[in-house]
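Novice: Structure in structure tokens, see below.
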Amino acid sequence: MIRSLLLFAALSFVPAPAMAEGPACDTGVRVRGCRADLVTEGRTLTIRTATDQCAVVDWTLDGAARSTVVTDGEAKIDLGAPAGAAALKQCSIVKDLRGTAAREFGTSDASLIGKPAESGGETVACKGLREAAVAAQQRTAAASGFDTRRAYADRETACRDILGNFETLNAVLPAFMDAAINYARQCQPPGRADALRTELSRRQNAARAQHEKVRRACVNGS
């Protein structure tokens, strides 16, 4: 989903000095649950989440409660000593402040497409379908990760860049939807394809609506 920051960027044409980036996540706003795994190796603990969005993972180490903010699907923690007994308590997606639509589409296969079933081996056919969906998802994430925070010196440049990005996103989204839904229909539980189609359609419609909003602002000069 392309956020409303794109419209703001289209109307902000004055150069701005570079500013230090703020926090990536608002941990006080928990959106929904998520899946996560803990992997220990030596004194390093790796936390992986099934989303590229900001997440808070609550876990314990030898019974002591810990909490870690994870962005982009993975965080590594140096425990300073050989890892003890680590256990996952819960994973929660929190409000993402980074302003990039790539967080909506994600770049990991688990964020939308899903992982292969853990109960059995993945067939060659399903592996090929999943890899095709992941590749299409990565292309979509790259397009939707357009920097909405930059300032422009003039309206013409802003409109050309922003609307051009929308055109790119609208071109790659259908291929991603087809690949992801095809994988879900053939290799995942019944009903997953329908649920995925509904979610991806919502995001595609939101992107197109925002595209039209920016286009009108550019055409009308307001």
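The values are calculated or read from the model by the stated rules, or taken from the named source; none is laboratory data. Fair warning: this is a prediction, and the values are worked out from it, not measured in the lab. Cβ sites come from the backbone with ideal geometry, for glycine too, and all protein chains shown count toward neighbours.
Novice: Restricting attention to the stretch 204-217, does a residue exist that is touching a Lys or Arg at 6+ places or on another chain (Cβ under 8 Å) and in a helix (DSSP H, G or I)?
Specialist: Filtering the stretch 204-217 for residues touching a Lys or Arg at 6+ places or on another chain (Cβ under 8 Å) gives 210.
Now restrict to residues that are in a helix (DSSP H, G or I): 210.
Taking every residue of the stretch 204-217 in turn, at least one turns out to be touching a Lys or Arg at 6+ places or on another chain (Cβ under 8 Å) and in a helix (DSSP H, G or I).
Novice: Just wondering, is there one or more residues in the stretch 110-125 that are modelled with pLDDT of 85 or more and not hydroxyl-bearing (Ser, Thr, Tyr)? Steps first, answer last, please.
Specialist: Within the stretch 110-125, the first condition is being modelled with pLDDT of 85 or more, and the residues that meet it are 123-125.
Narrowing the set further to residues that are not hydroxyl-bearing (Ser, Thr, Tyr) leaves 124-125.
Yes, the stretch 110-125 contains at least one residue that is modelled with pLDDT of 85 or more and not hydroxyl-bearing (Ser, Thr, Tyr).
Novice: Moving on to the next point. Look at Pro190 and say whether it is in a loop (DSSP other than H, G, I, E, B) and on the phi < 0 side of the Ramachandran plot. Quick ask: steps written out before the conclusion?
Specialist: Working: in a loop (DSSP other than H, G, I, E, B): yes; on the phi < 0 side of the Ramachandran plot: yes.
Here the answer is yes, as Pro190 does meet what is asked.
Novice: Check whether at least one residue in the stretch 159-177 is closer than 23 Å to Leu97 by Cα, modelled with pLDDT under 85, loosely packed, with under 14 Cβ neighbours inside 10 Å and not assigned by TED's automatic domain parsing to the domain that holds Gln53, and report yes or no.
Specialist: No, that holds for no residue.
Novice: Related question: What pairs can you find where one residue is in the stretch 56-80 and in the same structural domain as Val39 (by TED's automatic domain parsing), the other is of a type in the set (Asp, Glu) and assigned to a strand (DSSP E or B), and their Cβ atoms are less than 9 Å apart, with a gap of 6+ or different chains?
Specialist: Pairs that qualify, where the first residue is in the same structural domain as Val39 (by TED's automatic domain parsing) and the partner is of a type in the set (Asp, Glu) and assigned to a strand (DSSP E or B), are Ala65/Asp58; Arg66/Asp58; Ser67/Asp58; Thr68/Asp58; Thr71/Asp96.
Novice: Surrounded by 12 or more Cβ atoms within 10 Å (Cβ to Cβ) and modelled with pLDDT under 80, is that true of Ala83?
Specialist: Values: surrounded by 12 or more Cβ atoms within 10 Å (Cβ to Cβ): yes; modelled with pLDDT under 80: yes.
Spelling it out, Ala83 is indeed surrounded by 12 or more Cβ atoms within 10 Å (Cβ to Cβ) and modelled with pLDDT under 80.
Novice: What are the pairs with Cβ atoms under 6 angstrom where one residue, in the stretch 127-154, is surrounded by fewer than 20 Cβ atoms within 10 Å (Cβ to Cβ) and the other, located anywhere, is of a type in the set (S, T, N, Q) and modelled with pLDDT under 75? Sequence gap at least six, or different chains.
Specialist: Between residues of the stretch 127-154 that are surrounded by fewer than 20 Cβ atoms within 10 Å (Cβ to Cβ) and residues that are of a type in the set (S, T, N, Q) and modelled with pLDDT under 75, the close pairs are Gln138/Thr107; Gly145/Thr100; Ala151/Ser12.
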